[in-house]
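All of the numbers you see were taken from the coordinates with simple rules; none came from a lab. What you see is a predicted model, and the numbers here were worked out from it, not measured in a lab. Note: ideal-geometry Cβ built from the backbone for every residue, glycine included; neighbour counts use all protein chains shown.
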Amino acid sequence: MRPVNNRPRIAAVIPISGADHEFSNGQRPQLAQRPLVSYTQRAVAESRYVERAVVSTDSEHVATLCQEAGFDVPFIRPAALANPEASAPHVLHHAVEWLGAHEEYLPEWILVLFVTYPFRSRGLIDSFIETVLSRELDSAIAVLPERHPHWMLDPDQAPYLVTYGSETAKSHKQTVYRELFGLMSMAKREVILGRSLYGKRLGVIPIDDVFAPVCIHDLKGWQLAELLAPRFLEIISSNSTQNAERS
């Protein structure tokens, strides 16, 4: 844990279920020959604002992988939360409550990150945090701006538009936002303890990063991530070298 003077105390919580297909049956998922969890660990370790990053898992196997990557895993989730269907509000509530009860650790804000979003460019987390802290919010989520038509299927499998169709002029279309909760979201401690993710003053923070929306929670996502990972690693390595030279 590193203190951050004159700033709100911010802890990151990374929920991972051992039943998630990426980790099931003792798998050690890798992306571009690097442990999957190391992508999120690198991003959060670089933050100037996050003083602690805690993994919440129901699996000893996942706990070991995360500890090897440098994460703090202070507990294993109870049996009631030991399944992939456990809701995010209850998982986060347990983590925050456990840290307060067992370690008297009371951060003001909780930053939520999922390892299934591996690509967070340098500075992305801190930019998100700075935006949230500069506004009168008690929770916020990362979002992807979109202007494309969106469809859903009714119970009879008939399609219907839920956003603007092609007959609506582009200049008349309002931007819609796709939630990227697992990429980054943030809420005050009291919001999480209320078993909620969205406080009364909720902000949506658009993310302008080509890598960030990539999620590996399905086969297409994995395939895309495998194609992008070498370029992503090249970019962050180059940025790190440039920063070192400036120093």
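In square nanometres, what is the average projected area of the Cα convex hull of the range 25-105? Write down the numbers at each step before the final one.
On the way: hull surface 24.6 nm².
In nm², the orientation-averaged hull projection of the range 25-105 is 6.2.
Straight-line reach from K173: taking Cα to Cα under 14 Å and skipping same-chain neighbours fewer than 8 places apart, the aspartates and glutamates in range are E146.
Mean-square fluctuations from a GNM of the chain, with a 10 angstrom spring cutoff on Cα atoms, peak among I205, I141, I236 at I236. Max-minus-min Cα coordinates of the range 111-247 on each principal axis give 58, 40, 32 Å, with the largest extent listed first. Distance between the C-alpha centres of the range 154-207 and the range 80-104: 25 Å, rounded to the whole angstrom.
3J(HN,Hα) along the range 12-24, derived from phi through the Karplus expression 6.51 cos²θ - 1.76 cosθ + 1.60 where θ = phi - 60°, amounts to 9, 10, 10, x, 9, 9, x, 8, 4, 4, 5, 10, 5 Hz, with x in place of Gly and Pro. Spin-label model, E103/Y198: points 7 Å from Cα along the beta carbon direction are separated by 3.0 nm.
In the set (1) 1.05; (2) 0.98; (3) 0.95, the label that goes with Rg/Rh (Cα atoms, Kirkwood Rh) computed for this structure is (2). Antiparallel beta bridges, as assigned by DSSP with both residues in the range 1-74, represent about 20 percent of the total such bridges. Taking only C-alpha pairs under 8 Å that are 6+ residues apart, what is the relative contact order of the range 1-118 in percent? Value for the range 1-118: 40 percent.
Each Lys and Arg Cβ is given +1 and each Asp and Glu Cβ -1; about its Cα centre, the range 1-90 then shows a dipole of about 460 debye. When the chain is treated as a Gaussian network with alpha carbon springs shorter than 10 Å, the biggest mean-square fluctuation among P159, P107, P29 belongs to P159. Projected over all directions and averaged, the alpha-carbon convex hull of the range 72-166 occupies 10.4 nm².
Convex hull volume per residue, computed on the Cα atoms of the range 119-191, equals 160 Å³.
Each label was represented as a point 7 Å from its Cα along the Cα-to-Cβ direction; for E46 and S134 these points are 2.0 nm apart.
Here K200 is the anchor, and the aspartates and glutamates within straight C-alpha reach of less than 20 Å, apart from those fewer than 8 places off in the same chain, are E108, E130, E136, D138, E179, E190. Taking the DSSP beta bridges in the chain as the whole, what percent of them are antiparallel, to the nearest 5? Here the antiparallel bridges make up roughly 45 percent for the chain.
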